[in-house]
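Read-outs: derived from the displayed coordinates by stated rules, not from any lab. Please read these numbers as outputs of a predicted model, since none were measured by experiment. FYI the Cβ positions are ideal-geometry reconstructions off the backbone, even for glycines, and counts take in every protein chain you see.
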Amino acid sequence: MDAHKVENRNLDASEVAPGDHKLHQSRRGLKLVFSVLLRLFGVVLLVPALLLMVTDRQTTRVAAFDLEAKYTYSKAFQAFVGACVICACHLLMSSIVSLLFICTRSKFMRNRFTAWLLFLTDQLMTYLLLGAIAASTQVAYIAKKGSVKVGWYQVCQNFNRFCNHIEAALALGYLALLLLAICTLMSVQNLVYTSRLHHGTGYF
């Protein structure tokens, strides 16, 4: 008797009214479009940040010596450039896959493996960019403020333009990080939705 009731509950949960089904599908479609826009905007932020970093160099004369500053002199800045490239590629590829799903209306995005893959890669990219930005911010802060206790002078006094470009690149990176974090939260929602759909407990 109890097994029969459980079976009826599962049937009731899986039998969603046509109107509710369309509403859930419409909401899911809007979320997917919003996710694509966020990812593309993230690419738009990361590409200028990348260009600012790789093209940023300045030569100045200090005490009869010509000194040059560029991002390759700092491991943290190199890590930030690498993170920008990897994250921009990830966001672009995931946007293309999502757009293909929207255009073809395939069930690829409702696959549990796809949902897990998107969630894990979004998480990985978020932590990667966060770590690179944190390290680069520390280096940029020391270059701008110096440290009297350890005898580090303020490098930005002699390389003002170089430091301004670094600051602009990091600002764009932080904005991209925020969008990537939002995309990660949305991929969590997608994972929950896919899991509930797989177990027949209704729509998210």
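Here the scattering of the stretch 113-189 is modelled by Debye summation over its C-alpha atoms, one equal scatterer each and no solvent; at q = 0.16, 0.17, 0.22, 0.25 Å⁻¹ the log10 of I(q)/I(0) is -0.66, -0.70, -0.92, -1.06.
Each residue of the stretch 33-45 is assigned a 3J(HN,Hα), and the resulting list reads 5, 5, 4, 4, 4, 4, 5, 5, 5, x, 5, 4, 7 Hz, derived from the Karplus form 6.51 cos²θ - 1.76 cosθ + 1.60 (θ = phi - 60°), x at Gly and Pro. Since only 67, 192, 170 are under comparison, the one whose Cα sits farthest along the positive direction of the charge dipole of the stretch 37-198, derived from C-beta charges on Lys, Arg, Asp and Glu, is 192. A DSSP coil position with no more than 13 other Cβ atoms inside 10 Å describes the following trypsin sites (Lys or Arg not before Pro) in the stretch 121-179: 149. Residues whose amide H falls under 5 Å from that of residue 146, counting only those 5 or more places apart or on a different chain, are 155, with hydrogens built in the peptide plane. Under a 5 Å amide H cut-off, with hydrogens placed 1.01 Å from N, residue 158 pairs with nothing among residues at least 5 apart or on other chains.
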